[in-house]
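All remarks here apply to the structure that follows.
Every number in this text was worked out from the coordinates using simple rules, so none of it is lab data. A quick note: this is a predicted structure, and the numbers were derived from the prediction, not measured. A quick note on method: Cβ atoms are made from the backbone with ideal geometry, for glycine too, and the neighbour counts reach across all protein chains shown.
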Amino acid sequence: MSKNIKISAKNVDVFYGDTHAIKGVDVEIEDKSVTAFIGPSGCGKSTFLRCINRMNDTIDICRVTGDILLEGEDIYAKSIDPVQLRARVGMVFQKPNPFPKSIYDNVAYGPTIHGLAKNKAELDEIVEQSLRRAAIWDEVKDRLHQPGTGLSGGQQQRLCIGRAIATAPEVLLMDEPCSALDPIATAQVEELIDELRASYTVVIVTHSMQQAARVSQKTAFFHLGNVVEYGDTDKIFTNPEDSRTESYITGRIG
Amino acid sequence: MLTVTFFAILALALAFYLVGRSRAVSVVGGEVHQLHSRPNFHGTLAMMLSAICGILALLVIGTAWGAYIERSLLADIMAAQPDLTPIEAELVLSDAHALASGGIASRSDALRIAMAEQVTSKGALHQWGTIAVSLGLTVLAGLWAIAKIAPEWRARNRSETIVRRVLMLTAIIAVLTTVGIVMSLIFETINFFDNIDWQIHKFLFGTTWSPLSGVQAGKLDPDKVGAIPLFAGTLMITVIAMLVAVPIGLLSAIYLSDFASARVRAWAKPMLELLAGIPTVVYGFFAAITLAPFIRNSGEAIGLTIASESALAAGIVMGIMIIPFISSLSDDVINAVPQSLRDGSYGLGATKGETIRQVVLPAALPGIVSAVLLGVSRAVGETMIVVMAAGQGANLTANPLEAVTTVTVQIVMLITGDTEASTAAGPAFTLGFTLFCVTLLMNIAAQRVVHKYRELYD
């Protein structure tokens, strides 16, 4: 069971003003796998996820201490540019948020600003590949130049995943990507996450324990800002060590 | 007297409200839930019915009866002295009014004195009659409403209907006023075009504007009403104003919404909005007394001849005036772009600049466009600054350092000048109508733009 560790968090604390949102979290996330963060609302799982690509930097009152290493490199070091970091660690949000642009431009946005394509043909290729990997190409290939906001909720979310893939990140963070979707769209996105595992390190925050059980290999259970238990998904769901984990999984807390 | 009556009607109506409310309670012996409508609806219905009946009676009877008295008095005068022309008869009547109220009359002969007595007696009857009828109707309507109060009486629905009608009436008044203003503009414009023998092209494309210098027997010289210099001047000043206002306004909005700290924003935004509160007349003399001499002197220093009234000075100050409109409205629409879009862009590794340029501004574009067009309409219609700082001579020039004149300045000159209003009104109203058409077209264009790009994000 020796796998590469992609992201390693040590003793991470997060404060929102006076509120201590994350308390001494240690998590090691494996490369080319899906890691799920579960836990009741307000337990800090989304906050921790946003630390991994420094999205919390955009919130004035947020303060992060401790070490988060991406391939051994401290992402909060002075030498790290958060903009470059976010190109390596992409993010998909809870609510689908396509830009008010065409489907094509939505996907081309990242590659264009990072200069990933030398010419139009390469860009076309990236857009098609990304949309194919996001399992939405067949649905939108004839309407690439119509607004992305005209798609259905599930299609929009897959478009956002495609948009995130297009910048060729190493890690994909997903913050409750299915909470705004119906069961069919959810199934499509879950299937997609399973396929993405081959090429990316995926970290997903979810409220659905079934979803965590279905898509992830590792699961971390967050409670009141602490990681109560972290381990193989099978073990967490069948034989949890901590009584709080068991209570949450069986629906008694949360 | 009639004012007192008006307030008496309101007081009665208020009393009916209280009576109606308590009667509604007593009808069901305090078991309020048995009423179809809450007690205050019964009171409201009595109040509104009595007030409306009373005020309508006051207006209708007051004016109709007064008009009837005037006509019958005129008929009496014509009967007494059949050789009078209608205008003379009206003079006699107005003298009679003057005598009756103890004023000064042109003459005081037997007829006038007799008429004055008539005016006094009929006027008194008119006044007291109006008061009696309107107060009587107020009371009758109120009593009727109170007599109707019963558990099943649908006072709520009825009072809601009345409120809806009153709201509709106010909307109709606003619309009719607009229509009336536009109609009067159109009629005066038609008169004016008739006056220049329908040579509309000479107004629209002529280059000599001196409408009052060629007046002969009330007839304007079509060769001297060419409005091109005015349109050109308005256009030039508007362009200069927008060149000042759009960059400064838009960039300050971007700074305030996405870069400024909360503390800076908290004082900078009110300061900017304070600019909008400065009366335009103050901007006007700031332009004329401070900026224009400064521009002229600095021009001299580098060897440029600049008129002391210049399009540049007026345009710059007008631009400063428009900054708060553009910055405040743009700031609002930029702030309305959802944070999720910004997060989405940051999450892809975009910088703040890329996010603003490529995501936030396109999303906010419809609002920004309408803010800019609003600024343009302000600039086109602005008067005080240009009157003081741009000059009066209808000068056709492309040089912003010379004096130019605008449509609004010429309207002011025509109306405040000492030419007869009937002659000067024609060109003034026509210019006003042209201005109205331009601003209307711009508003329509703005709405089109907003409509086209609306709902691209939710």
- Does A:Arg133 qualify as being within 23 Å of A:Leu192 (Cβ to Cβ), touching an Asp or Glu at 6+ places or on another chain (Cβ under 8 Å), within 11 Å of chain B (Cβ to nearest Cβ) and among the basic types (Lys, Arg)? no
- Query: If B:Leu91 passes every condition in (1) under 37 Å from the mean Cα position of the chain (by Cα); (2) under 26 Å from B:Trp128 (Cβ atoms); (3) surrounded by fewer than 19 Cβ atoms within 10 Å (Cβ to Cβ); (4) not polar (S, T, N, Q) but one, which one does it miss?
  - Reply: (2)
- Query: Are any residues in region A:125-149 touching a Pro at 6+ places or on another chain (Cβ under 9 Å) and either over 22 Å from B:Tyr346 (Cβ atoms) or of a type in the set (Val, Ile, Thr) (or both), and if so, which ones?
  - Reply: A:Ile126, A:Val127, A:Thr149
- Note on the structure: Result of the Cβ filter at 6 Å on region B:292-308, keeping first residues that are at negative phi and partners that are not in a helix (DSSP H, G or I), at least 6 apart or interchain, is B:Ala292/B:Ser308; B:Ile295/B:Ile306; B:Arg296/B:Ile306; B:Arg296/B:Ser308; B:Gly299/B:Ile306; B:Ile306/B:Leu401; B:Ala307/B:Glu402; B:Ala307/B:Ala403
- Query: Taking region B:71-110, which residues are of a type in the set (Gly, Ala, Ser) and outside any loop (DSSP other than H, G, I, E, B)?
  - Reply: B:Ser72, B:Ala75, B:Ala79, B:Ala80, B:Ala89, B:Ser94, B:Ala96, B:Ala98, B:Ala100, B:Ala110
- Item | Which listed residue, of B:Thr430, B:Thr419, B:Thr405, B:Thr423, is touching a Ser or Thr at 6+ places or on another chain (Cβ under 8 Å) and either assigned to a helix (DSSP H, G or I) or more than 14 Å from chain A (Cβ to nearest Cβ) (or both) | B:Thr430
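Okay, residues lined up against (1) in a helix (DSSP H, G or I); (2) more than 12 Å from chain B (Cβ to nearest Cβ):
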position	(1), (2)
A:Asn106	yes, no
A:Ala117	no, yes
A:Glu128	yes, yes
A:Gln155	yes, yes
- Restricting attention to region A:164-189, the residues that are surrounded by fewer than 22 Cβ atoms within 10 Å (Cβ to Cβ) and hydroxyl-bearing (Ser, Thr, Tyr) number exactly 2
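Within the bounds of region A:18-40, is there any residue that is in a strand (DSSP E or B) and polar (S, T, N, Q)?
Here is the first cut: in region A:18-40, the ones in a strand (DSSP E or B) are A:19-30, A:34-38.
Filter once more, so that each one left must be polar (S, T, N, Q): A:19, A:35.
Yes, region A:18-40 contains at least one residue that is in a strand (DSSP E or B) and polar (S, T, N, Q).
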- Sole residue being aliphatic (A, V, I, L, M), away from chain A (no Cβ under 14 Å) and closer than 26 Å to B:Gly249 by Cβ, chosen from B:Val380, B:Val412: B:Val380
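Polar (S, T, N, Q) and touching a residue at least 60 places away in the same chain (Cβ under 8 Å): which single residue out of B:Thr120, B:Thr130 fits that description? Talk me through it step by step, then tell me what you get.
Working: B:Thr120 fails: touching a residue at least 60 places away in the same chain (Cβ under 8 Å).
The conditions single out B:Thr130.
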- Item | Odd one out for A:Glu71 among (1) away from chain B (no Cβ under 11 Å); (2) surrounded by 17 or more Cβ atoms within 10 Å (Cβ to Cβ) | (2)
- Query: Taking B:Arg357, is it within 21 Å of the chain's Cα centre (by Cα) and basic (Lys, Arg)?
  - Reply: no
